[in-house]
Amino acid sequence: MTHYRFHILCCGGTGCKASNSAGIVRKFEAVLKEKNINDVQVITTGCFGFCEKGPIVKILPDNTFYVQVKEDDVENIVNEHIIKGRKVERLLYTDPKSEGHVSDSKHMGFYKKQMRIALRNCGFINPEDIREYIAREGYAALGKVLTEMTPEAAIDEMTKSGLRGRGGAGFPTGLKWGFARKSVADQKYVVCNADEGDPGAFMDRSILEGDPHSVIEAMAICGYCIGATKGLVYIRAEYPLAIKRLQIAIDQAREYGLLGKDILGTGFEFDIELRYGAGAFVCGEETALIHSMEGQRGEPTVKPPFPAVKGYMGKPTNVNNVETFANVPVIYLKGADWFNKIGTEKSKGTKVFALAGKINNVGLIEVPMGTTLREIIYEIGGGIKGGKKFKAVQTGGPSGGCLTEKDLDTPVDYESLAAAKSIMGSGGMIVMDEDNCMVAIAKFYLDFTVDESCGKCTPCRVGNKRMNEILDKIIKGNGTMEDIELLKNLATVIQDTALCGLGQTAPNPVLSTLNNFYDEYVAHVKDKKCPAGQCKDLLSYVINPDKCMGCTACARKCPVAAITGTVKQPHKIDQAKCIKCGTCLDTCKFGAISKQ
Amino acid sequence: MAVKSLADLKKMSSEFKNTVSLRENGDNVDSLIQIKVAMATCGIASGAKEVMDFYLEELDKQGIKAVVTQTGCMGYCYAEPTIEVKLPGKDPIVFGHVNVEKASEILEKYIKNGELVEGIIPVNYETVK
């Protein structure tokens, strides 16, 4: 067999693919062939996490980390790095603090504080090749559980590990499996919830794209534990690449006899099928998800009965999230005692977060529970974009809350985040800076939940709609102080009365912003001003006649011809015509235009 | 290609191991033996490629965990091919005039037993960190 000198890993996650990583792979293959180099292997992997600077190309064994690579750079990399052994400096990651090039990923601040368990294979193996997964002890956990453990012992081990549901609610996984085990039925089901729907979250997608076999293996283990022979992955059709790789992985696992009848000669039978969702947020709720899989409307029903008793097709069903499953094989390989030493007292292990918003290093990260928000935002995330001031971070997406400067030293775990009046959620982490209006943020999330509400219960269908209208009124400058009170009232009623998690948590962003940024609401209502300068109806662009040189630049750029004046004379903006696009502000070289 | 038992799976895992071992080794390079072969024009012309291939094959055959990489010209063009060997926890040592025969001697004596062999080029410069 060929001994490879180098492995060239190209990120094949959705982000990097969108910036032509597939073209880069083809180009590498073509250039290597043309130069007759046959001891270098090009591999497409899953997400490296550093999406901000994609497409990423990593060269091993020397761990060189090239960022923002273009097809035209490929020839250069081959000539310099592969043939001559010199790193291509201009493509290396530049450390924003020291401004020096960082030649290998081990020295990048982004990776230093991370600990990768669920993402252990992402950006490392080729997700479309089962052999690479097996080489990394893939399916060994399944083998161990099937040959050495009874289902009860395996569930005990899971309970001991302290793993809790990574979909957001944090229910102990071992306990959940135990409930499903206790239910008696001729058929049970294992369901993987891959209906990731929070705006700005892409943890589950990246795991499925980068390491689909870990989820398949975990589902089989779960099947053995609860006594199920069938697994279903409920995945949204908006994730075509994840679907493709998952299907390839399932086919390969069947071919290798790791799914199907008599797995590893133990007599255990398990197989997995995919079910596509149409991308409705409510279908992430387990009862709605089950109804959707049955071909019914994606609407939640009251629990109990819990799915562990009566789920898919009326049979006991265990539903776990993608990231929860991705942790499972490692727990059995390394043992519950290894896993429960990571993290905090009640939150064990690590958590994957999708960093997004006004942060320098947008991307996918995994940190031990207990890491503080400050460490995540400033050390891993590299701080706020453009040197602006941090204002808030939203965890838990539209069901969560915002955390402010005072909460930055909160350790990230289920209890601490709840104590700070937010939630862990599934892992979306959206960072906001001083230019974000918190009333507008609340409205953004509420817009989302109003859109996604299934309409079954009144509090959610009507209540959230009314709240959204009040927020709209405030943003437009027509709000009253009574409106703010009404908002609070409605929010608590909806929390108490809505049928499912979607409705019950929909008011959270409103309450949380009211709590932390009450002054901003008051400014909108009383002063008719938006302190962050984001709400268009409450701000006007004005020209300072003392500074205006009459260069006419703004007047020429204005799309609605709202600026008038003669050359070398101060100009004026007609407020009636102005659409507040901000073009004039960006155009003025003399700082004569300001937002008020 | 069916995996019929856990033993089968384990066998398969070790068979496939070398598809990812280069990457795994690269991940914890500091704890491994590192061999850098100078592969600039001068090095290649005097046979560095053969030396590199020798190490890649031989280390794999003998099951020794090591990272073999190439570097640019180290400046000792008079002594090509040159290689730099760094054992874990020790300072790197540069050897000159390394043909396959010499490479084998370095492997057997220095890499495996820590015995020094002829042909060491004293390091007479400092690297800017």
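The values are calculated or read from the model by the stated rules, or taken from the named source; none is laboratory data. The model shown is predicted, which means the values in this text are computed figures rather than measured ones. Note that each Cβ is placed from the backbone with ideal geometry, even for glycine, and that neighbours are counted across all protein chains shown.
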**OP:** Could you run through segment A:130-154 and say how many residues are assigned to a loop (DSSP other than H, G, I, E, B) and more than 8 Å from every other protein chain (Cβ to nearest Cβ)?
**Re:** 2
**OP:** Determine whether segment A:33-45 contains at least one residue that is buried (at least 18 other Cβ atoms within 10 Å of the Cβ) and outside any strand (DSSP E or B).
**Re:** no
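Suppose we filter segment A:55-87 for residues that are within 32 Å of the chain's Cα centre (by Cα) and not polar (S, T, N, Q); how many remain? Quick ask: steps written out before the conclusion?
Taking segment A:55-87 first, the residues within 32 Å of the chain's Cα centre (by Cα) are A:55-74, A:77.
Next, only the ones that are not polar (S, T, N, Q) stay: A:55-62, A:65-67, A:69-74, A:77.
Residues meeting the conditions: 18.
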Subject >> Counted residues, segment A:462-485 - those being free of Cβ contacts under 8 Å to residues at least 24 places away in the same chain and either outside any helix (DSSP H, G or I) or touching a Ser or Thr at 6+ places or on another chain (Cβ under 9 Å) (or both) >> reply: 3
**OP:** Go through A:GLU379, A:GLU345 for me and flag whichever is assigned to a helix (DSSP H, G or I), at pLDDT below 95 and surrounded by fewer than 19 Cβ atoms within 10 Å (Cβ to Cβ).
**Re:** A:GLU379
Subject >> Residue under evaluation B:ALA40, criteria (1) touching a Ser or Thr at 6+ places or on another chain (Cβ under 9 Å); (2) closer than 30 Å to A:LEU333 by Cα, criterion not met >> reply: (2)
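Out of the residues in segment A:108-129 meeting the condition of being more than 19 Å from the chain's Cα centre (by Cα) and not in a loop (DSSP other than H, G, I, E, B), tell me which one is farthest from the other protein chains (Cβ to nearest Cβ). Reasoning before the result, please.
Taking segment A:108-129 as the starting set, the residues that turn out to be more than 19 Å from the chain's Cα centre (by Cα) are A:108-109, A:112, A:124-129.
If we keep only those that are not in a loop (DSSP other than H, G, I, E, B) as well, we get A:109, A:112.
Working: A:GLY109: 18, A:LYS112: 14 Å.
Per the stated criteria, the residue is A:GLY109.
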**OP:** Taking A:SER416 as meeting all but one of (1) surrounded by fewer than 18 Cβ atoms within 10 Å (Cβ to Cβ); (2) within 25 Å of A:LYS348 (Cβ to Cβ), write down the number of the exception.
**Re:** (1)
Original post:
If we scan segment A:273-295, do we find a residue that is among the acidic types (Asp, Glu), touching a residue at least 40 places away in the same chain (Cβ under 8 Å) and in contact with a Pro (Cβ under 8 Å, 6 or more places away or on another chain)?
Top reply: yes
Original post:
Checking A:LYS27 against (1) surrounded by fewer than 24 Cβ atoms within 10 Å (Cβ to Cβ); (2) under 23 Å from the mean Cα position of the chain (by Cα); (3) more than 14 Å from chain B (Cβ to nearest Cβ); (4) not hydrophobic (A, V, I, L, M, F, W, C), which single condition isn't satisfied?
Top reply: (2)
**OP:** May I ask you to verify whether A:ILE290 is surrounded by 20 or more Cβ atoms within 10 Å (Cβ to Cβ) and modelled with pLDDT of 95 or more?
**Re:** yes
Original post:
Just a yes or no: is a residue in segment B:43-65 touching a Lys or Arg at 6+ places or on another chain (Cβ under 6 Å), farther than 30 Å from A:LYS144 by Cα, facing another protein chain (nearest Cβ under 10 Å) and small (Gly, Ala, Ser)?
Top reply: no
**OP:** Name the single residue, out of those in segment A:40-57 being farther than 16 Å from A:LYS87 by Cα and more than 14 Å from chain B (Cβ to nearest Cβ), that is modelled with the lowest pLDDT.
**Re:** A:GLY54
**OP:** Quickly run through segment A:70-94 and pick out the residues that are away from chain B (no Cβ under 11 Å), surrounded by 15 or more Cβ atoms within 10 Å (Cβ to Cβ) and in a loop (DSSP other than H, G, I, E, B).
**Re:** A:VAL88
Original post:
Are any of the residues in segment A:390-406 free of Cβ contacts under 8 Å to residues at least 12 places away in the same chain, in a helix (DSSP H, G or I) and under 17 Å from A:SER512 (Cα atoms)?
Top reply: yes
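Here are some residues: A:GLU196, A:GLU209, A:GLU217, A:GLU238. Which one is touching a residue at least 24 places away in the same chain (Cβ under 8 Å), in contact with a strand residue (DSSP E or B) (Cβ under 8 Å, 6 or more places away or on another chain) and not assigned by TED's automatic domain parsing to the domain that holds A:GLY425?
When all the criteria are applied, what remains is A:GLU196.
If you go through segment A:361-384, how many residues are out of contact with any Asp or Glu (no Cβ under 7 Å at 6 or more places or on another chain) and not acidic (Asp, Glu)?
Step one: filter segment A:361-384 for residues out of contact with any Asp or Glu (no Cβ under 7 Å at 6 or more places or on another chain), giving A:364-368, A:371, A:375-383.
If we keep only those that are not acidic (Asp, Glu) too, we end up with A:364-365, A:367-368, A:371, A:376-378, A:380-383.
Total satisfying the criteria: 12.
Would you confirm whether any residue within segment A:16-28 is at pLDDT 90 or above, of a type outside the set (Lys, Arg), farther than 21 Å from A:ASP104 by Cβ and in contact with a strand residue (DSSP E or B) (Cβ under 9 Å, 6 or more places away or on another chain)?
Kept after step one, since they are at pLDDT 90 or above, are these residues of segment A:16-28: A:16-28.
Next, only the ones that are of a type outside the set (Lys, Arg) stay: A:16, A:18-25, A:28.
Keeping just the survivors that are farther than 21 Å from A:ASP104 by Cβ gives A:18-20, A:22-23, A:25.
Narrowing the set further to residues that are in contact with a strand residue (DSSP E or B) (Cβ under 9 Å, 6 or more places away or on another chain) leaves A:22, A:25.
Yes; the residues of segment A:16-28 include at least one that is at pLDDT 90 or above, of a type outside the set (Lys, Arg), farther than 21 Å from A:ASP104 by Cβ and in contact with a strand residue (DSSP E or B) (Cβ under 9 Å, 6 or more places away or on another chain).
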Subject >> Residues located in segment A:58-69, provided they are at pLDDT below 90 and assigned to a loop (DSSP other than H, G, I, E, B) >> reply: A:PRO61, A:ASP62, A:ASN63
Original post:
Given the structure, is B:THR69 at the interface with chain A (Cβ under 8 Å from one of its Cβ atoms) and assigned to a helix (DSSP H, G or I)?
Top reply: no
**OP:** Might you let me know whether segment B:76-83 holds any residue that is on the phi > 0 side of the Ramachandran plot and over 10 Å from the mean Cα position of the chain (by Cα)?
**Re:** no
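Please state which one of B:GLU50, B:GLU58, B:GLU80, B:GLU24 is of a type in the set (D, E, K, R), crowded, with 21+ Cβ neighbours inside 10 Å and either in contact with a helix residue (DSSP H, G or I) (Cβ under 7 Å, 6 or more places away or on another chain) or at pLDDT below 85 (or both). Show your work before the answer.
Numbers: B:GLU50 fails: crowded, with 21+ Cβ neighbours inside 10 Å; B:GLU58 fails: crowded, with 21+ Cβ neighbours inside 10 Å; B:GLU24 fails: crowded, with 21+ Cβ neighbours inside 10 Å.
The conditions single out B:GLU80.
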Subject >> Conditions (1) away from chain A (no Cβ under 14 Å); (2) in contact with a Gly (Cβ under 7 Å, 6 or more places away or on another chain); number of the one not met by B:ILE120 >> reply: (2)
**OP:** Kindly list, by first and then second residue, each pair from a residue in segment B:12-24 that is within 7 Å of another protein chain (Cβ to nearest Cβ) to a residue that is of a type in the set (Gly, Ala, Ser), limited to pairs with Cβ atoms under 7 Å and residues at least 6 apart or on different chains.
**Re:** B:SER13/A:ALA135; B:SER13/A:ALA140; B:PHE16/A:ALA135; B:LYS17/A:ALA135; B:THR19/A:ALA135; B:VAL20/A:ALA135
